[in-house]
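Inspection log for the structure reproduced underneath, given as structure tokens.
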Amino acid sequence: MINVLITGHKGFIGSELFARLEKNYDVLGLDIREGDDILTCDLPPANVVDMVIHLAGIGGVRESLNDPAKYWNNNVEGTKRILEHYPNARILVAGSSSGYEPHLNPYAASKNAIEYIPHKNVCYMRFHTVYGPVPRANMFFDKLLNDKLEYVTAHKRDFIHLHDLCDGIEILMDSDFQGPIDIGTGIAVSIQDIRPDLPVKLNTIGERKITQANTYLMKQLGHKPKYTVEGFLKERGLK
């Protein structure tokens, strides 16, 4: 049985993925919530890990503007440590669509920089905007579903459901694809269309205007997203 290490296994994506994989793999987990800082913690020996899914990054555009060093240390130096510690494992690294415009903010810069760290068997997964049944606290969908959203923006986002994202990760686990690859739906959804009754905030420093995944490579590997934002909101009586 393949031994898989998931960093950030207690997070929004990691917890869903861990629950899936433990049915068919021997799965290990490291997470800051359990005191395992990837910069300083003892990493499982390289000879007992066949594959690493590295999700232990720090997200957030606005927060990165206030503390760029924190984002560089965790996202870049942390990823570098993982890649160097497991030279013979297949490694899937959580990247971001933000990396397409690294000049906009330190978070985007960190996600762009990690793609230049060398490794002989690494795939950089450029996640687009992930949502799911239990959204991240205080983020867009959490506020939307709990009627706490005060404004919308003029942005368009490629929203991908958590289950579709994890399907994509599992496909990449079974593939030999290397390098960067988008994981999204290929559809850019207007934020304003989700709640047209709310005021529009235009001053959004550091944010991309449009995100839209290039799904060609994932489609070639067999990835077919099943969920749409419209359907997700209809199920919850918001459309």
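The values are calculated or read from the model by the stated rules, or taken from the named source; none is laboratory data. Since we're looking at a predicted model, the values are computed, not measured. Cβ coordinates were reconstructed from backbone atoms using ideal geometry, including for glycine residues, and neighbour counts include every protein chain displayed. The accessibility values were calculated without ligands, DNA or RNA, using every heavy atom of the protein model including side chains. Shrake-Rupley method; radii C 1.70, N 1.55, O 1.52, S 1.80 Å.
Note on the chain: GNM, Cα springs under 10 Å; of G222, G99, G206, the largest mean-square fluctuation is that of G222.
Output the direction-averaged projected area (hull surface divided by four) of the convex hull of the alpha-carbon atoms of the chain, in nm². Spelled out: convex hull of the Cα atoms, projected over all directions, averaged, 12.7 nm².
A 31 angstrom limit on the alpha carbon distance is what I want to check against. Which of K70/K234; K10/K120; K23/K148; K111/K219; K23/K120; K209/K234 exceed it? Distance filter (> 31 Å) returns K70/K234; K23/K148.
Pairwise Cα distances in segment 152-203 exceed 16 Å in 55 percent of cases.
Using a probe of 1.4 Å, the accessible surface attributed to S97 totals some 10 Å² when neighbouring protein chains are kept in position. By the Stokes-Einstein formula, at 1.567 mPa s and 4 °C, segment 1-96 with its Kirkwood radius over alpha-carbon pairs has D equal to 95 µm²/s. In this structure, M139 and Q220 have a Cβ-Cβ separation that, at R0 = 45 Å, corresponds to a calculated FRET efficiency of about 0.90. Rounded to the nearest 20 debye, the dipole magnitude of segment 1-93 is 240 debye, with +1 charges on Lys and Arg beta carbons, -1 on Asp and Glu beta carbons, and the Cα centre as origin.
Between I117 and N24, the modelled labels are 2.7 nm apart [label points 7 Å from Cα along Cα→Cβ]. Under a Gaussian network description of the chain, with springs only between Cα atoms under 10 Å, the residue in P180, P199, P135 that fluctuates furthest is P199.
Taking a quarter of the surface of the Cα convex hull of segment 174-235 gives a mean projected area of 6.3 nm². Comparing Y71, Q212, N112 along the charge dipole axis of the chain, the residue lying farthest to the positive side is Q212, per the Cβ-charge model.
Note on K148 and T40: their simple-model spin labels are 3.0 nm apart, each label 7 Å out from Cα toward Cβ.
Charged side chains reduced to their Cβ positions (Lys and Arg at +1, Asp and Glu at -1) give the chain a dipole of some 680 debye around its Cα centre.
Over segment 109-239, the hull volume per residue, using the convex hull of the C-alpha atoms, is 115 Å³. Each label point was placed 7 Å from the Cα along the Cα-to-Cβ direction; for N73 and N88 their separation is 3.3 nm.
Of the trypsin sites (Lys or Arg not before Pro) found in segment 98-185, those that fall in a DSSP loop while having at most 12 other beta-carbon atoms within 10 Å are K120, K148.
The calculated 222 nm mean residue ellipticity attributable to helices in the chain amounts to -7500 deg cm²/dmol, summing -39500 (n - 2.57) over DSSP H runs of n ≥ 4 and dividing by all residues.
Run the dipole for segment 73-203 about the Cα centre, Lys and Arg Cβ at +1, Asp and Glu Cβ at -1, nothing else charged, and hand back the magnitude in debye, nearest 20. Numbers along the way, then the final one.
Values: 13 positive and 16 negative charges, 74 e Å.
Dipole magnitude for segment 73-203 comes out near 360 debye.
Classify segment 38-144 as rounded, prolate or oblate from the Cα gyration tensor: take a ≥ b ≥ c as the square roots of its eigenvalues, call it rounded if a/c is under 1.5, otherwise prolate when a/b beats b/c and oblate if not. Since a/c reaches 1.5 and a/b is larger than b/c, the shape of segment 38-144 is classed as prolate.
Shape analysis of segment 69-114 places it in the oblate category; the axes a ≥ b ≥ c from the Cα gyration tensor give an a/c of at least 1.5, with a/b not above b/c.
Once the 1.4 Å probe is applied to the protein heavy atoms, segment 106-150 comes out at 50 Å² accessible per residue.
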